[in-house]
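Student: The following block contains the structure, expressed as structure tokens.
The values are calculated or read from the model by the stated rules, or taken from the named source; none is laboratory data. This is a predicted model, so every value here is computed, not measured. Positions of Cβ are backbone-derived with ideal geometry, glycine not excepted, and every protein chain shown enters the neighbour counts. The accessibility values were calculated without ligands, DNA or RNA, using every heavy atom of the protein model including side chains. Shrake-Rupley method; radii C 1.70, N 1.55, O 1.52, S 1.80 Å.
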Amino acid sequence: MTAPSLQIITWNLWVSAPVCALAASAMVTLIAGAFWPAFARWLTPCLALGGIALTAAFTILAGMLGLPPAGMQVMDSFTVVFDLIILIAAFITVLVSNHYVTRENLERGEYYALMMLSASGAMLMAASDNYVMMFLGLELLSIPLYVLAGFSRGRSESQESALKYLLLGAFASAFFVFGAALVFSATGSTNIVVAGDATERALVGTTPIYVIGLAMILTALAFKVALVPFHMWTPDVYQGAPTSVTAFMAVVAKAAGFGALARVAAAGPEGSWTVLLWGLSAATMIWGNLLAISQNNIKRLLAYSSIAHAGYLLMGILAGGRAGISAVLFYLLAYAAMTFGAFAAVIILAGRGDGAEDIEDYRGIARRSPLLGWTMAIFMFSLAGLPPFAGFFGKLYLFSAAVEAGYPGLTVLAVLTSVMGVFYYLRVTVVMWMQEPEAESGPAAQTSAPLLSRLVLSALAVAVLALGIFSSPVLRWTNSGSAGLERSAEAAIQMTLPEPTNAPAALSGGSR
Amino acid sequence: MTWLTFLIVSGIAVIFAGGLIFSRNAVHGAMCLVASFCAIATLFLLLSAEFIFVVQIAVYAGAIMVLFLFVMMLLNVQGQEGALAGRAPGQLLVALALGAALLGQAVWLVARGGEIISRPARIPAGFGSPEDIGTALFTRNLLPFEITSLVLLAAMAGAVVLARKAGLSPKPNGAPAGGKPE
């Protein structure tokens with residue numbers, strides 16, 4: 001009895017080494033912030049950066065070991081690629097946050113610690129091959145985000161944002177739990193692949209329950225990545241939350257949701273699943289882009305733009321296979337670079353107290369600060385999907401994967417909605433470059449920023465350009481990730497997992 | 001016999017859950033929640049999971065409900081009955097329609113697929129015993145069990161952040177003016 005359980009424990013330790021490393025760094029950051037408040041200003045971000053770098057090293061190391069799935073978590077090349085994307089995003093968040101947090105007096109040790117805990121939840125979600133684990137990842141991702149959204153306690157919009165996100169997020173989590181329970185009761189397993197497989201083998205009569213459960217899980221994940229019609233919270237929450245948190249939310253929470261969706265999709269739910277994804281994707285692209293056109297607040301505009309991008313990303317999940325998932329990973333990386341860039345510029349422009357957040361406030365900014373003008377233009381062009389930037393190649397890979405998988409209609413729709421997107425992204429650039437600044441209209445946008453912010457802004461602009469120009473090596477890397485996802489789905493089917501022995505197994509044949 | 005008990009007890013649970021949602025008085029709602037929790041605990045008893053039955057009563061119906069009531073007392077929610085009742089016109093109708101649609105789909109799917117309801121689940125001997133739960137929790141589900149502690153840590157740190165008064169922190173740079181609302 002003792003020996004096998006010990007073995008399970010040693011297994012898990014390596015498979016979950018990255019998550020453990022990040023969580024431990026978060027705790028160190030938390031403690032350091034509490035005990036040396038005098039140094040918190042520079043100590044906590046430095047600890048956060050160090051912890052994230054350490055975690056990246058652990059991820060690469062664990063990935064090289066070639067570990068078998070541990071029954072709850074998988075450390076395949078998909079996990080490695082995905083974790084690194086999350087870690088890069090978290091790293092940039094720390095750098096981008098620094099200026100904002102100092103300016104808005106949000107400096108507390110907990111800020112970075114909560115952000116790291118949230119990132120470890122995102123890593124868990126993508127690494128889990130079990131609904132139990134995925135749910136815990138979802139909660140670990142969300143709970144710090146609820147708090148971070150309300151972090152700027154003096155602003156009532158921030159409070160509103162946190163409360164809305166908490167209430168709706170808890171509702172969505174409930175959907176996930178209920179769905180997972182239904183899947184378990186239908187298949188006798190909480191393992192994603194085994195549950196999916198047991199249904200395919202047509203265990204008489206339980207498929208409907210499984211389908212209902214899966215639809216509920218899809219609902220919860222669709223909420224997290226803001227797909228239409230589960231997107232209502234996005235503009236309000238994005239607008240109210242502190243801008244650096246919004247950037248983190250827009251990238252990491254979205255990426256985590258898509259990582260989880262990729263895991264669920266790799267288990268091969270057929271039939272109505274594809275119809276659902278098709279509809280969600282189409283609705284999200286159309287609605288997100290349509291509403292973005294009429295926005296005047298830059299944060300709301302970026303919120304609707306992030307909704308539209310979720311629609312494009314869902315196409316990759318729908319296409320599935322090696323090309324589809326690889327395109328999703330590439331697009332997530334490109335999306336992270338350009339979204340962080342746009343938010344970093346917004347943080348600088350808004351000025352103290354987030355005064356200037358309307359696009360009209362940006363009139364003629366490019367004359368006063370060519371750096372902001374140029375970088376913002378690059379991010380907007382890339383978000384619009386114009387060559388030679390990262391956004392173009394990301395869309396190219398996604399669209400071609402969708403065409404190959406046999407969804408030409410959806411691809412045509414995606415191209416058309418991208419053209420709609422060009423309008424509102426270019427509008428920002430036009431206002432910045434071509435319009436005269438009005439003397440006394442509203443709060444003026446700021447252009448001064450510390451050296452670090454300017455460096456980060458320039459580095460992100462270079463990254464957006466480089467990801468576009470050197471897209472093929474990056475794509476090879478993401479390809480290895482999607483291949484890993486396929487392999488571990490196959491391995492899980494082959495492997496006889498020591499699955500539930502004490503489940504209320506209506507289907508004793510189910511757990512082979 | 002078990003079937004009948006199940007129907008009665010789950011009916012009670014659903015009715016009181018409804019009472020929780022529709023009662024305007026927060027304390028009444030909390031009491032409905034207690035009743036609903038107790039009914040669900042009885043469902044665990046039907047599965048011969050005595051341990052979970054006791055835990056459900058002690059933790060949910062006991063400890064957590066006491067916390068709820070404390071919070072209500074401290075915030076004096078009683079005084080503002082109906083403060084949360086303001087809703088958009090037609091909201092109830094839309095919610096009912098969507099809920100009915102969800103229920104209808106589920107029933108339709110099950111009816112089309114057949115059988116599941118009529119097939120009784122086989123419960124293995126020793127199911128739900130403390131030993132069984134301990135084994136499941138500390139071998140197969142050890143990792144999720146540990147991750148739960150991370151979730152709790154995040155929630156605790158978050159609660160401290162939100163509960164701390166702005167300006168009272170010992171930070172030298174935490175200027176109280178920055179955190180004050182207008």
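Student: Considering the range B:102-118 alone, what residues qualify as being at pLDDT 55 or above and on the phi < 0 side of the Ramachandran plot?
Tutor: Hits for the range B:102-118 are B:102, B:103, B:104, B:105, B:106, B:107, B:108, B:109, B:110, B:111, B:112, B:113.
Student: Which ones in the range A:146-166 are open to solvent by 10 Å² or more (accessible area, probe 1.4 Å), assigned to a helix (DSSP H, G or I), more than 22 Å from residue A:178 (Cβ to Cβ) and of a type outside the set (A, V, I, L, M)?
Tutor: Hits for the range A:146-166 are A:156, A:157, A:159, A:160.
Student: Another question, if that's okay. Is it the case that residue A:409 is within 25 Å of residue A:291 (Cα to Cα), free of Cβ contacts under 8 Å to residues at least 40 places away in the same chain and open to solvent by less than 60 Å² (accessible area, probe 1.4 Å)?
Tutor: It is true that residue A:409 is within 25 Å of residue A:291 (Cα to Cα), free of Cβ contacts under 8 Å to residues at least 40 places away in the same chain and open to solvent by less than 60 Å² (accessible area, probe 1.4 Å).
Student: Right, here's the next one. Do we find a residue being within 11 Å of another protein chain (Cβ to nearest Cβ), surrounded by fewer than 24 Cβ atoms within 10 Å (Cβ to Cβ), in contact (Cβ under 8 Å) with a residue 60 or more places away in the chain and in contact with a helix residue (DSSP H, G or I) (Cβ under 9 Å, 6 or more places away or on another chain) anywhere in the range A:112-121?
Tutor: no
Student: Filter the range B:123-153 for residues that are among the hydroxyl-bearing types (Ser, Thr, Tyr), free of Cβ contacts under 8 Å to residues at least 12 places away in the same chain and more than 9 Å from chain A (Cβ to nearest Cβ) and give the result.
Tutor: Result: B:149, single match.
Student: Any residue at all in the range A:272-281 that is out of contact with any Gly (no Cβ under 8 Å at 6 or more places or on another chain), surrounded by 22 or more Cβ atoms within 10 Å (Cβ to Cβ) and β-branched (Val, Ile, Thr)?
Tutor: no
Student: Residues of the range A:381-398 being part of a helix (DSSP H, G or I) and open to solvent by less than 30 Å² (accessible area, probe 1.4 Å), which ones?
Tutor: Across the range A:381-398, the qualifying residues are A:382, A:383, A:384, A:390, A:391, A:394, A:395, A:398.
Every residue, every condition in (1) part of a helix (DSSP H, G or I); (2) surrounded by fewer than 24 Cβ atoms within 10 Å (Cβ to Cβ); (3) at the interface with chain B (Cβ under 9 Å from one of its Cβ atoms), yes or no:
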{"position": "A:51", "(1), (2), (3)": "yes, no, no"}
{"position": "A:80", "(1), (2), (3)": "yes, yes, no"}
{"position": "A:93", "(1), (2), (3)": "yes, no, no"}
{"position": "A:97", "(1), (2), (3)": "yes, no, no"}
{"position": "A:106", "(1), (2), (3)": "no, yes, yes"}
{"position": "A:134", "(1), (2), (3)": "yes, no, no"}
{"position": "A:144", "(1), (2), (3)": "yes, no, yes"}
{"position": "A:168", "(1), (2), (3)": "yes, yes, no"}
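Student: Still on this structure, I have one more. Would you tally the residues in the range A:350-374 being aliphatic (A, V, I, L, M) and surrounded by 24 or more Cβ atoms within 10 Å (Cβ to Cβ)?
Tutor: Residues flagged as aliphatic (A, V, I, L, M) and surrounded by 24 or more Cβ atoms within 10 Å (Cβ to Cβ) within the range A:350-374 amount to 1.
Student: Run down A:138, A:67 and say which single residue is over 24 Å from residue A:344 (Cβ atoms), open to solvent by 10 Å² or more (accessible area, probe 1.4 Å) and within 14 Å of chain B (Cβ to nearest Cβ).
Tutor: Exactly one residue qualifies, and that residue is A:67.
Student: Please list, ordered by first then second residue, the pairs with beta carbon atoms under 8 Å, 6 or more apart or interchain, first in the range A:330-357 and touching a residue at least 40 places away in the same chain (Cβ under 8 Å) and at positive phi, second open to solvent by less than 10 Å² (accessible area, probe 1.4 Å) and assigned to a helix (DSSP H, G or I).
Tutor: A:354/A:243
Student: So in the range A:255-271, with the set limited to residues that are open to solvent by less than 10 Å² (accessible area, probe 1.4 Å) and touching a residue at least 60 places away in the same chain (Cβ under 8 Å), which one is farthest from residue A:92 (Cα to Cα)?
Tutor: Top of the filtered list is A:264.
Student: Find the residue count for the range A:53-71, including only residues that are farther than 29 Å from residue A:111 by Cα and part of a helix (DSSP H, G or I).
Tutor: Final tally of qualifying residues: 3.
Student: A further question follows. What's the total number of residues in the range A:417-448 that are at pLDDT 80 or above and either part of a helix (DSSP H, G or I) or buried (at least 19 other Cβ atoms within 10 Å of the Cβ) (or both)?
Tutor: Final tally of qualifying residues: 18.
Student: Please tell me if residue A:75 is within 27 Å of residue A:473 (Cα to Cα), outside any helix (DSSP H, G or I) and not acidic (Asp, Glu).
Tutor: For residue A:75, the condition - within 27 Å of residue A:473 (Cα to Cα), outside any helix (DSSP H, G or I) and not acidic (Asp, Glu) - is met.
Student: Taking residue A:128, is it buried (at least 24 other Cβ atoms within 10 Å of the Cβ) and within 11 Å of chain B (Cβ to nearest Cβ)?
Tutor: Yes; evaluated as a whole, the condition is true for this residue.
Student: May I pose another question? Just checking, which of A:199, A:207 is open to solvent by 10 Å² or more (accessible area, probe 1.4 Å), at pLDDT below 90 and within 24 Å of residue A:71 (Cβ to Cβ)?
Tutor: Result of the check over A:199, A:207: A:199.
Student: On to the next question. Looking at (1) within 18 Å of residue A:121 (Cα to Cα); (2) without any contact (Cβ under 8 Å) to a residue 12 or more places away in the chain, which one does residue A:53 not meet, given that it meets all the others?
Tutor: Here residue A:53 meets the rest and fails (2).
Student: From the list A:230, A:258, which one is in a loop (DSSP other than H, G, I, E, B) and not polar (S, T, N, Q)?
Tutor: Step by step, each of A:230, A:258 is checked, and only A:230 is in a loop (DSSP other than H, G, I, E, B) and not polar (S, T, N, Q).
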